Amino acid sequence: MPKQIPCLWFDGQAEEAAAHYTSIFPHSSIGEVTRYGPDMPPPMKEGDALTVSFTLDGQEYVALNGGPQFQFNESISFQIMCRDQEEADHYWTRLTEGGEESQCGWLKDKFGVSWQVVPVELTSLLSDPDPGRAQRATQAMLQMRRIDIAEIKRAADSVPV
């Protein structure tokens, strides 16, 4: 399958977004920046970034300054599969700075991009072979904004009354 590179449409914040994301994810960098030339339509002007290529821990992205026509929404999000609670908390804290929390590990960052911060252990708890345990884990998760694996485990292991 050909390589897939997500392209994120920004309204003038492509360079700021790439710098923000590369400061959060390890092994990340900003690559090529292309610039608008002369006689650009407003709101862009000559010298503004048109595209910014960047890599987040090995995954390539492109940020495009395309203007105000399109906005991000929750219909597309990026999942961050975290090895443990500490890693999940790192991404949750950094990506919610200036953004907003949602439900079940979802958030919108300060640019409006949606992310899902998921400790990998959550998947096994939600798909536990014991349907009662899986249901209790699911119910606990549905009450959360930031995923708390210890709390979900407690709920999954609780004895139903």
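No lab work stands behind these numbers, since they all come straight from the coordinates. All figures in this text were calculated on a predicted structure; none of them were measured in a lab. All Cβ positions, even for glycine, are placed from backbone atoms using ideal geometry, and neighbour counts span all protein chains on display.
The Stokes-Einstein estimate for the range 47-161, based on a Kirkwood radius over Cα pairs and taken at 10 °C with 1.306 mPa s viscosity, is a diffusion coefficient of 100 µm²/s. Put simply, the amide H of MET144, placed in the peptide plane, has neighbours under 5 Å in CYS104, leaving out anything fewer than 5 places away on its chain. When shorter helices are ignored and each DSSP H run of at least 4 residues is given -39500 (n - 2.57), the per-residue value for the chain at 222 nm works out to -9000 deg cm²/dmol.
Would you mind calculating the relative contact order of the chain from Cα pairs under 8 angstrom and at least 6 residues apart, reporting the percent as a whole number?
On the way: 298 pairs, mean separation 28.9, N = 161.
Reported as a whole number, the value is 18 percent.
Counting other Cβ atoms within 10 Å, which chymotrypsin sites (Phe, Trp or Tyr not before Pro) in the range 29-105 have at most 14 and lie in a DSSP loop?
Details: sites: TYR36, PHE54, TYR61, PHE70, PHE72, PHE78, TYR91, TRP92; in loops: TYR36, PHE70, PHE72.
Within the range 29-105, the qualifying chymotrypsin sites (Phe, Trp or Tyr not before Pro) (loop, at most 14 other Cβ atoms within 10 Å) are PHE70.
Residue order for ASP57, ASP39, ASP89, fewest other beta carbons within 10 angstrom first, comes to ASP39, ASP57, ASP89.
The residues neighbouring ARG146, those whose beta-carbon lies less than 9 Å from its own, together hold a net charge of -2 under the Lys/Arg +1, Asp/Glu -1 convention.
For the range 118-157, the equivalent ellipsoid built from the Cα gyration tensor has semi-axes of 14, 10, 8 Å, listed from largest to smallest. Backbone N atoms of the range 44-76 closer than 14 Å to the 7 Å Cα→Cβ label point of ILE5 belong to residues 50-56, 58-65.
For GLN59 and TYR36, FRET efficiency with R0 = 22 Å and r from the beta-carbon atoms, rounded to 0.05?
Values: r = 26 Å, r/R0 = 1.18.
Between TYR36 and GLN59 the formula returns 0.25.
Contact order, relative form, for the range 72-161: 29 percent (alpha carbon pairs under 8 Å, 6 or more residues apart, mean separation divided by residue count).
If you wrap a convex hull around the Cα atoms of the range 1-72, how much volume per residue is inside, in Å³? If you can, show how the numbers build up before the last one.
Numbers: hull volume 7.2 nm³, N = 72.
Residue-normalised Cα hull volume stands at 100 Å³.
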